[in-house]
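Below is one structure, written out as structure tokens; comments come after it.
Read the figures in this text as sums done on the coordinates, not as results from a lab. The shown structure was predicted, so the numbers you read here are calculated from the model rather than taken from an experiment. Virtual Cβ from ideal backbone geometry, glycine too; neighbours counted across all protein chains shown.
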Amino acid sequence: MIHLYGIPNCDTVKKARVWLEAKGLAATFHDYKKEGADPERVAAWIAAAGLDTVVNRKGTTFRALSDADKAAAADSHTAVALLVQHPSIIKRPIVEHPGGILVGFKEDTWSAALL
């Protein structure tokens, strides 16, 4: 089973969902805006992919954070709570699949992992 995590109006998430559908791959979608982000899951993503991969430092939400919150995002112990509080700073999409996780959408990487 493929689980896709993100925000529905994110352009990258939209591209990923279209790609999955075009490849005939069923996925459940978890909307951070409606369902929130689970701390244990976020911690697992950080452990698997690394903090720098999971935190989206390029978005407007991250840039609007206080300096203290930006510092919290740089430490894996404090980043989980910050990401749960502000799921918009989680890089999107994140896909959990039987072989692991994918962070962000890169068609060649997704093809290698999911097809």
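May I ask you to say which residue of ALA44, ALA81, ALA74 is in a helix (DSSP H, G or I), over 12 Å from the mean Cα position of the chain (by Cα) and not polar (S, T, N, Q)?
Numbers: ALA44 fails: over 12 Å from the mean Cα position of the chain (by Cα); ALA74 fails: in a helix (DSSP H, G or I).
Just a single option satisfies the conditions, and that option is ALA81.
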Completion exercise
Inside segment 84-107, the number of residues satisfying the requirement of being in contact with a Ser or Thr (Cβ under 7 Å, 6 or more places away or on another chain), among the aliphatic types (A, V, I, L, M) and part of a helix (DSSP H, G or I) is 1
Handout entry: Within segment 57-71, considering residues that are of a type in the set (Lys, Arg) and outside any loop (DSSP other than H, G, I, E, B), the one surrounded by the fewest Cβ atoms within 10 Å (Cβ to Cβ)
Key = ARG63
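Report yes if ARG17 is among the charged types (D, E, K, R), crowded, with 17+ Cβ neighbours inside 10 Å and in a helix (DSSP H, G or I), otherwise no. Lay out the reasoning, then the answer.
On the way: among the charged types (D, E, K, R): yes; crowded, with 17+ Cβ neighbours inside 10 Å: yes; in a helix (DSSP H, G or I): yes.
Yes: the conditions hold for ARG17.
Rundown of residues vs (1) touching a residue at least 40 places away in the same chain (Cβ under 8 Å); (2) among the small types (Gly, Ala, Ser); (3) surrounded by 12 or more Cβ atoms within 10 Å (Cβ to Cβ), yes/no style:
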{"residue": "VAL54", "(1), (2), (3)": "yes, no, yes"}
{"residue": "GLN85", "(1), (2), (3)": "no, no, yes"}
{"residue": "ILE89", "(1), (2), (3)": "no, no, yes"}
{"residue": "GLY100", "(1), (2), (3)": "yes, yes, no"}
{"residue": "GLY104", "(1), (2), (3)": "yes, yes, yes"}
{"residue": "ALA113", "(1), (2), (3)": "no, yes, yes"}
Handout entry: Residue count for segment 20-41, restricted to those that are more than 18 Å from GLU107 (Cα to Cα), among the hydrophobic types (A, V, I, L, M, F, W, C) and assigned to a loop (DSSP other than H, G, I, E, B)
Key = 1
